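Below is one structure, written out as structure tokens; the observations come after it.
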Amino acid sequence: MALSLLDANDSAGKHAPSWYAASANSLKEFPSAKGDLKFDIAIVGAGFSGLSSALHLSELGYRVCVLDAHRVGWGASGRNGGQVGSGQRLEQFELEGLIGAERARQAFDIGVDAGDLVRSLIKKHKIKCSYKAGIIEAMHRQRYDKETLEHVEMMHEKYDYHSLSFLTPEEMNDKVGSADFSAGTLDTNCGHLHPLNYARGLAKAAVKAGAEIFEMSSVTSVDAGKPCSVKTADAEISADKIILAANGYLGDLDGHVADRVMSINDFIIATEPLGEDVCKSLIRDGEAVCDSRFVVNYFRISEDNRMLFGGGENYSYKFPADITKTVRKPMLQIYPQLKDARIDYAWGGTLAITYKRLPHFEFRNNGLINISGYSGSGIHMATMAGKIAAEAVNGQMAKFDIMSKLPTPKFPGGAALRWPLLPLALTWYSMRGRF
């Protein structure tokens, strides 16, 4: 049997050994899909995209089911760095260069609305996920400071986006207790949360709205047509439309998407509780932080005063044998004062990237919809993708059309050759970033 990311690194039906799983709110287990079933919409994947789709479609009156090979939030949605961004993954000057100023503005506005959507869902459905405002982007090279200031000025003047502010090197040093950084930015319209609790809150809201969730129901094939069909080992679901929301765990369910959306692995560690004073010396006001390296480091303080630090990535099916060693090295480069801190949790997860780092939206005439490829901006954009997909099913195509026209070309070599080619390219870029 071919190796699959669904079973290459984790036990069936069990969450990764993360601090998130250890501190998660309770959620009942859902049954597996069995027999012949009929729904209006069948959704593959119970992460942010799938759960948001299910919630919004159910609120519109559709009969919806969500199928997951493991558990709600088992994939990247329950393992990530917890950062809730704003806008698109690319900065606006890059996006304007790709698609022009007007379309770039439309995409940016959708990305800003996406962060607002996350916060509104948390409030509306009383999701207990410890949301806290603020993300700092820290420049690891002084030569980036000038263009960073120019970027902030552009966002103020051209986009009327004033939640983003420039941090001088002195201000950065005051806010982030590390000598590793120069200047940076603070965006108060962004934030961070407990991602598994957020996913579980979305699931509860979707079920309350009428959606059905099937866990331990790995999809073996999808057949779009009239009607569409989704098969698992024990069930066949017929539906008017299928939404593929599997992101990095799509596998070979759809070759056209697989040519454009690639899985990579990322890793996080959680220290022992450090005490409030120590935490304030690391990140004074408790924002989340990400840096400017090609292989991004991202970190924040948990609700129980642990350092949650993400760093390192690989491009194979398997996680490294020693995740702690992999991530502890970049953590100590930024925070050498944590050299004696015990590491209590270490875990990996699989996300999905596209060649241009823009999400891949696709609505085919045969009733198949794909939303994926968030490239590290999954919490807000995946949540918004689910809402946009629901609107499209309901005949409101305006936002889906904007997102589907973002360029997401094939990786060189497509799905067949990207594994040997892309790791070489990404490794080269990451090495260049170190020097």
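The values are calculated or read from the model by the stated rules, or taken from the named source; none is laboratory data. Quantities reported herein were computed from a predicted structural model and do not represent experimental measurements. No Cβ is skipped: glycine too gets one built from the backbone with ideal geometry, and neighbour counts run over all protein chains shown.
Against the condition assigned by TED's automatic domain parsing to the domain that holds T220, among the aromatic types (F, W, Y) and not in a loop (DSSP other than H, G, I, E, B), how does F30 come out, does it pass?
So F30 fails the test.
Going by the conditions given, is A183 crowded, with 19+ Cβ neighbours inside 10 Å and either in contact with a Lys or Arg (Cβ under 8 Å, 6 or more places away or on another chain) or over 30 Å from A12 (Cβ atoms) (or both)?
Yes, satisfied.
Can we say M397 is buried (at least 24 other Cβ atoms within 10 Å of the Cβ) and in contact with an Asp or Glu (Cβ under 8 Å, 6 or more places away or on another chain)?
no
The rows are residues; the columns are (1) surrounded by fewer than 19 Cβ atoms within 10 Å (Cβ to Cβ); (2) over 18 Å from the mean Cα position of the chain (by Cα); (3) among the small types (G, A, S).
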site	(1), (2), (3)
N9	yes, yes, no
H15	no, no, no
E29	yes, yes, no
D36	yes, yes, no
F39	no, yes, no
R71	no, no, no
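Test M139 against the stated conditions and say whether it is under 25 Å from the mean Cα position of the chain (by Cα) and in the same structural domain as K280 (by TED's automatic domain parsing).
yes
Could you pull out every one of the strands (runs of 3 or more DSSP E) wholly within the stretch 297-355 that has 2 or more residues that are of a type in the set (F, W, Y) and in contact with a strand residue (DSSP E or B) (Cβ under 7 Å, 6 or more places away or on another chain)?
Answer list for the stretch 297-355: 298-301, 343-353.
Could you please give the count of residues in the stretch 259-286 that are within 18 Å of the chain's Cα centre (by Cα) and part of a loop (DSSP other than H, G, I, E, B)?
2
Pairs under 6 Å by beta carbon, first residue not assigned by TED's automatic domain parsing to the domain that holds A76 in the stretch 313-334, partner in a helix (DSSP H, G or I) and surrounded by 13 or more Cβ atoms within 10 Å (Cβ to Cβ), six or more apart or different chains?
Y315/P423; P320/T326
Condition check: surrounded by 18 or more Cβ atoms within 10 Å (Cβ to Cβ), over 30 Å from S182 (Cα atoms) and among the small types (G, A, S). Does A245 satisfy that?
Considered against the rule, which asks whether it is surrounded by 18 or more Cβ atoms within 10 Å (Cβ to Cβ), over 30 Å from S182 (Cα atoms) and among the small types (G, A, S), A245 comes out as yes.
Any idea which of (1) at pLDDT below 95; (2) within 16 Å of L274 (Cα to Cα) is the one L332 doesn't satisfy?
So L332 meets the others, but not (1).
Consider D174 against the criteria (1) outside any helix (DSSP H, G or I); (2) in contact (Cβ under 8 Å) with a residue 12 or more places away in the chain; (3) not aliphatic (A, V, I, L, M): it satisfies all of them except one. Which criterion is unmet?
Single failed check for D174: (1).
Among the residues of the stretch 269-284, is any among the small types (G, A, S), surrounded by fewer than 17 Cβ atoms within 10 Å (Cβ to Cβ) and touching a residue at least 60 places away in the same chain (Cβ under 8 Å)?
Looking through the stretch 269-284, at least one residue is among the small types (G, A, S), surrounded by fewer than 17 Cβ atoms within 10 Å (Cβ to Cβ) and touching a residue at least 60 places away in the same chain (Cβ under 8 Å).
Restricting to the stretch 161-206, name every residue that is acidic (D, E) and under 15 Å from G87 (Cα atoms).
Answer for the stretch 161-206, where residues must be acidic (D, E) and under 15 Å from G87 (Cα atoms): just D187.
Residue by residue, here is whether (1) at pLDDT below 95; (2) among the aliphatic types (A, V, I, L, M); (3) assigned to a loop (DSSP other than H, G, I, E, B) holds:
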position: E362; (1), (2), (3): no, no, no
position: Y374; (1), (2), (3): no, no, yes
position: A392; (1), (2), (3): no, yes, no
position: G395; (1), (2), (3): no, no, yes
position: F400; (1), (2), (3): no, no, no
position: F411; (1), (2), (3): yes, no, yes
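A205 versus (1) buried (at least 20 other Cβ atoms within 10 Å of the Cβ); (2) outside the structural domain of A382 (by TED's automatic domain parsing); (3) in contact (Cβ under 8 Å) with a residue 60 or more places away in the chain: which is the lone unmet condition?
(2)
Quick check on the stretch 361-371. Is at least one of its residues at positive phi and under 15 Å from the mean Cα position of the chain (by Cα)?
no
Being in contact with a strand residue (DSSP E or B) (Cβ under 9 Å, 6 or more places away or on another chain) and not in a strand (DSSP E or B) is the filter here, so list the residues in the stretch 115-140 that pass it.
Passing the criteria: G115, D116, V118, R119, S130, Y131, M139, H140.
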